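The block underneath contains the structure these notes are about, expressed in structure tokens.
No lab work stands behind these numbers, since they all come straight from the coordinates. These figures come from a predicted structure and were not determined experimentally. Glycine gets a Cβ as well: all are built from the backbone with ideal geometry, and neighbour counts include every protein chain shown.
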Amino acid sequence: MSTPVTSVTIESLTEACNTKLGATHVEGKDISGGCGQNFEIKIVSPMFEGKSTLQKHRMVNEALKDQIALVHAFSQKSFTPAQWEALQQQ
Amino acid sequence: MAAISNYTVIGTDDDFSAVYQPTTSTVYALNFWAAWAPPCVQMNDVFEELASKNSNIKFIKIEAEKFPDISEEYEIAAVPSFVFVKEGKVVDRVEGANPPELSKTVAKYSKSPASSATNGTTAASTPSVAAAPTMSAEEMNARLKELTSSSSVMVFIKGTPTAPRCQFSRQLLEILTAQNIRFSSFNILADDEVRQAMKTFSDWPTFPQVYVKGEFVGGLDVVKELVATGEFQALVPAEKDLKTRMDELIHKAPVMIFIKGSPETPRCGFSK
């Protein structure tokens with residue numbers, strides 16, 4: 001069970017992705033330029049298989065809802081393991 | 001951007017005493033900000049936007065640390081802080097970067113219509129959405145349904161196409177323009193009721209939001225992905241150039257009449 005989040009960090013976002021989205025790989029970046037309120041996150045998870053882009057994004061929004069509400073801005077890119085592999089090959 | 005007469009940026013202490021007249025019944029909205037606090041940047045834009053829409057209130061922007069005396073007088077402990085003053089007394093305060101709260105407070109003292117929507121469009125003309133008083137959930141739902149389908153591509157953004165107020169809205173507009181897609185837009189900074197209601201309506205917490213043919217497509221990230229895979233272009237064919245459109249239209253039927261309005265609702269005596 002994850003503890004309630006009071007402040008958002010790359011670690012807290014990664015943890016939520018792991019536990020709630022079955023993520024196999026997470027890359028989080030703080031692009032806030034200091035104020036710690038703007039994150040960019042790449043998530044790889046088999047749970048994204050067969051989902052449309054919108055569905056994947058909604059899943060992530062739902063899983064990270066509490067944390068997204070605390071930050072100023074949030075960007076996400078979601079991949080299935082196969083998509084991620086293909087990307088690495090390029 | 002054209003200078004707004006009810007909006008002042010303080011350069012010296014004298015500027016403040018020149019603008020601020022406690023003896024009149026004018027309401028003053030003071031924005032205490034600092035360049036080192038990123039939330040202030042967004043709020044400054046919101047503040048300016050509100051100034052352009054509420055001409056009976058005088059908006060004054062004060063860089064807090066440059067004017068310690070004024071800041072102390074209004075007991076500014078943190079930025080951004082917004083203080084509303086009337087007849088020499090502080091009547092309201094909004095602390096922190098809270099656009100809806102600020103809009104609401106401004107609306108309290110404003111004599112202009114509670115909310116107004118402006119639509120910016122690249123080419124097509126869409127009737128502008130009329131200002132609406134507070135309405136029931138049902139009415140709001142009906143209004144949003146109408147709004148989201150009012151154009152083939154309808155985007156809900158912060159600001160307008162010519163003056164976007166957020167990097168994400170700006171990026172979305174750039175993508176649409178690059179893809180040569182005709183769209184209409186709604187400025188959610190100008191109407192807080194719609195802004196809040198849209199989050200529930202779309203079940204999406206942020207803006208910008210994109211609707212195609214009345215269906216929610218997603219936010220900026222989703223649109224970026226859809227554009228990369230070509231899905232977006234399939235959803236929304238790009239605008240044909242004017243000559244092609246004219247050719248197609250002229251040849252559409254054996255007899256084509258170009259009128260003002262529609263056969264059911266002609267908009268001019270001659271067309272009728």
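Taking the range A:42-58, which residues are closer than 15 Å to residue A:20 by Cα, surrounded by 18 or more Cβ atoms within 10 Å (Cβ to Cβ) and at the interface with chain B (Cβ under 10 Å from one of its Cβ atoms)?
Within the range A:42-58, A:56, A:57 qualify.
For the range B:1-78, please list each of the helices (runs of 4 or more DSSP H) lying entirely inside it that holds at least 2 residues being within 14 Å of chain A (Cβ to nearest Cβ), touching a Leu at 6+ places or on another chain (Cβ under 9 Å) and under 18 Å from residue B:190 (Cβ atoms). First the steps, then the outcome.
On the way: elements: B:13-19, B:38-53, B:68-73.
Passing ranges, in order: B:38-53.
Considering only the range B:181-196, state which residues are touching a residue at least 60 places away in the same chain (Cβ under 8 Å), away from chain A (no Cβ under 14 Å) and not hydroxyl-bearing (Ser, Thr, Tyr). Write out each step before concluding.
The initial filter retains those residues of the range B:181-196 that are touching a residue at least 60 places away in the same chain (Cβ under 8 Å), namely B:182-187, B:189-196.
Among the residues that remain, those that are also away from chain A (no Cβ under 14 Å) are: B:182-187, B:189-195.
Answer for the range B:181-196, where residues must be touching a residue at least 60 places away in the same chain (Cβ under 8 Å), away from chain A (no Cβ under 14 Å) and not hydroxyl-bearing (Ser, Thr, Tyr): B:182, B:183, B:186, B:187, B:189, B:190, B:191, B:192, B:193, B:194, B:195.
Keeping to the range B:206-224, report how many residues are without any contact (Cβ under 8 Å) to a residue 40 or more places away in the chain and under 17 Å from the mean Cα position of the chain (by Cα).
1
Does residue B:230 fit the bill of being on the phi > 0 side of the Ramachandran plot, surrounded by fewer than 12 Cβ atoms within 10 Å (Cβ to Cβ) and more than 14 Å from chain A (Cβ to nearest Cβ)? Walk me through how you get there before you give the answer.
On the way: on the phi > 0 side of the Ramachandran plot: yes; surrounded by fewer than 12 Cβ atoms within 10 Å (Cβ to Cβ): yes; more than 14 Å from chain A (Cβ to nearest Cβ): no.
So residue B:230 fails the test.
Is it the case, given these coordinates, that residue B:79 is without any contact (Cβ under 8 Å) to a residue 24 or more places away in the chain and either surrounded by 15 or more Cβ atoms within 10 Å (Cβ to Cβ) or of a type in the set (A, V, I, L, M) (or both)?
Values: without any contact (Cβ under 8 Å) to a residue 24 or more places away in the chain: no; either surrounded by 15 or more Cβ atoms within 10 Å (Cβ to Cβ) or of a type in the set (A, V, I, L, M) (or both): yes.
For residue B:79, the condition - without any contact (Cβ under 8 Å) to a residue 24 or more places away in the chain and either surrounded by 15 or more Cβ atoms within 10 Å (Cβ to Cβ) or of a type in the set (A, V, I, L, M) (or both) - is not met.
Only one residue in A:61, A:38 is in contact with a helix residue (DSSP H, G or I) (Cβ under 7 Å, 6 or more places away or on another chain) and either closer than 25 Å to residue B:227 by Cβ or at the interface with another protein chain (Cβ under 8 Å from one of its Cβ atoms) (or both). Which one?
On the way: A:38 fails: in contact with a helix residue (DSSP H, G or I) (Cβ under 7 Å, 6 or more places away or on another chain).
It is A:61.
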